[in-house]
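Before any comments, here is the structure.
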Amino acid sequence: MPVMPDSWIREQAEKSQMIEPFVEAQKREGMISYGLSSYGYDARLADEFRIFTNVDNALVDPKNFSSTSFVERRGKECIIPPNSFVLCRTVEYFRVPRDILVICLGKSTYARCGLIVNVTPLEPEWEGHVTLEISNTTPLPAKVYANEGICQFLFLQGSEACEISYADRAGKYMKQTGVTLPRI
């Protein structure tokens, strides 16, 4: 599976709104970079956060998820408690072509601070805002910044289009907007 270059990403963004809003060149003046890179796209962190807490002694259960597991915040930054995590989302809305699989990797600036960005692959023909999980692996509080780079997406092209796409299966996270919680 070849990784698609910046020219292909730019073309898809213009032709089929694969990434909206699309930033054609890396922005980095005094901030964590975002925008089109050589072989990927660095997405931004939106300003909505769901910070996990144990105030109500809740249990995290993906089959019976309770909103008492977190507190909701909006703002220019978010403080992630030590050894905890936050659910958040990208500013960008993605529309994945049928012959493409998208992989997400955390940015090295945050990784060097003990923060791990986790997201499952974006499957062929999936679309929506990407819900991210940022883990603070340190014993100290950690800060992340809204409207700055958080992760890089790499676009891998299959040798042919898939037989059954995420849209064909009517996937449960199709066209999600905002921070999307676990669903069964």
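The values are calculated or read from the model by the stated rules, or taken from the named source; none is laboratory data. This structure is a prediction, so every number in the text was calculated from the model and none was measured. Cβ sites come from the backbone with ideal geometry, for glycine too, and all protein chains shown count toward neighbours.
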Sort out which residues of segment 136-173 are part of a loop (DSSP other than H, G, I, E, B) and aliphatic (A, V, I, L, M), and write them in order of number. Leu140, Ala146, Ala161, Ile164, Ala167, Ala170
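Quick grid of which residues meet (1) modelled with pLDDT of 95 or more; (2) exposed (fewer than 15 other Cβ atoms within 10 Å of the Cβ):
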residue	(1), (2)
Ile116	yes, yes
Leu132	yes, no
Ser135	yes, no
Leu140	yes, yes
Tyr145	yes, no
Gln152	yes, no
Glu160	no, yes
Ile184	no, yes
Go through the residues of segment 1-8 one by one and say whether even a single one is touching a Gly at 6+ places or on another chain (Cβ under 7 Å), touching a residue at least 24 places away in the same chain (Cβ under 8 Å) and farther than 17 Å from Leu132 by Cβ. yes
Would you be able to say whether some residue in segment 151-171 is under 25 Å from Glu72 (Cβ atoms), touching a residue at least 12 places away in the same chain (Cβ under 8 Å) and charged (D, E, K, R)? no
In segment 80-92, is there at least one residue being of a type in the set (Asp, Glu), closer than 13 Å to Asn147 by Cα and in contact (Cβ under 8 Å) with a residue 12 or more places away in the chain? yes
Every residue from segment 1-21 that is at pLDDT 95 or above, within 16 Å of Leu101 (Cβ to Cβ) and part of a strand (DSSP E or B): Ile19
Considering only residues of segment 35-65 that are assigned to a loop (DSSP other than H, G, I, E, B) and among the acidic types (Asp, Glu), which is nearest to Val117 (Cα to Cα)? Asp47
I'd like the residue in segment 22-74 that is loosely packed, with under 15 Cβ neighbours inside 10 Å, of a type in the set (Gly, Ala, Ser) and modelled with pLDDT of 90 or more and, out of all such residues, is farthest from the chain's Cα centre (by Cα). Gly30
From the options Thr68, Thr120, residue that is hydroxyl-bearing (Ser, Thr, Tyr) and in a loop (DSSP other than H, G, I, E, B): Thr120
